[in-house]
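Step one of this worksheet: look at the structure below.
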Amino acid sequence: MISRSAYIRVRYGETDQMGYVHHGNYALYFELARIELMRSIGLNYKELEDGGIMMPVLKLECNFIAPAKYDDELCIETKIKEIPTGARINFSYKITNQEGKLLTIGETELVFVDMVKNKPIRAPKFLIEKLKENDSNPE
C-alpha cells in the first residue's frame, strides 16, 4: 500500500451559503491529493500526458460525514491499496480537519488511456515499477 497526505486550507470561495465546503470541491481536493501522491513517488501527470497517456476519472465516490468549513486546515490522506494489473487504478481518500476529526471518505477509479488511439491500455511498466518501489507492503 502507498499512502501520502496533502494539506489544504479551505478558502472562502469554496464554501456555500451555509458556510460549509460546497460538495463539488471535494473532487478537486481528491485530484490535488492524488497528484501530490504521484509526484511524491516520482511520477508526474504532465510527463504521462507528454508520453501519450491520460488518466481520466471513471468513477468517483464521496461520503460526507461532517462538514469542512472556511479556514479549516484539511489533511487529505490518499492511498493506493493495490498496484494495478490492468487498465485501471484506484485511489482512496480520507479527509480530516486540524483537530483530526474525520470529515469525508471517498474513492476514485481512473483508467489509463492511449491519447492517440483514445483506447484503454494497461498501466505503463514504469508506473508499476515506481509503485512497487514505494509500496510499504510488497508481497
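The values are calculated or read from the model by the stated rules, or taken from the named source; none is laboratory data. None of these values were measured; they are calculated from a predicted model. Every residue, glycine as well, gets a Cβ built from its backbone with ideal geometry; the counts of neighbours run over all protein chains shown. Just the protein is used for accessible areas: all its heavy atoms, side chains included, with ligands, DNA and RNA removed. Shrake-Rupley method; radii C 1.70, N 1.55, O 1.52, S 1.80 Å.
Structure notes:
- Shape category assigned to the chain from the gyration tensor of Cα positions, a/c cut at 1.5: prolate
- Dipole of the chain, positive direction: furthest Cα of A123, S3, G106, with charges on the beta-carbon: A123
- Sites listed here are GluC sites (Glu not before Pro) in the stretch 6-51 whose DSSP assignment is loop and whose Cβ has at most 12 other Cβ atoms within 10 Å, and the list is empty.
- Couplings 3J(HN,Hα) of the stretch 60-74, computed from phi: 9, 10, 8, 10, 8, 9, 8, x, 8, 10, 3, 6, 5, 9, 9 Hz, in residue order, whole Hz [Karplus 6.51 cos²θ - 1.76 cosθ + 1.60, θ = phi - 60°; x for Gly and Pro].
- Under 24 Å from K94, Cα to Cα: lysines that are on another chain or at least 8 residues apart: K59, K69, K79, K81, K130, K132
- Excluding ligands, DNA and RNA, the accessible surface per residue across the chain is 60 Å² with a 1.4 Å probe.
- Counting Lys and Arg as +1 and Asp and Glu as -1 over every other residue whose Cβ lies under 12 Å from the Cβ of K130, the net charge comes to -1.
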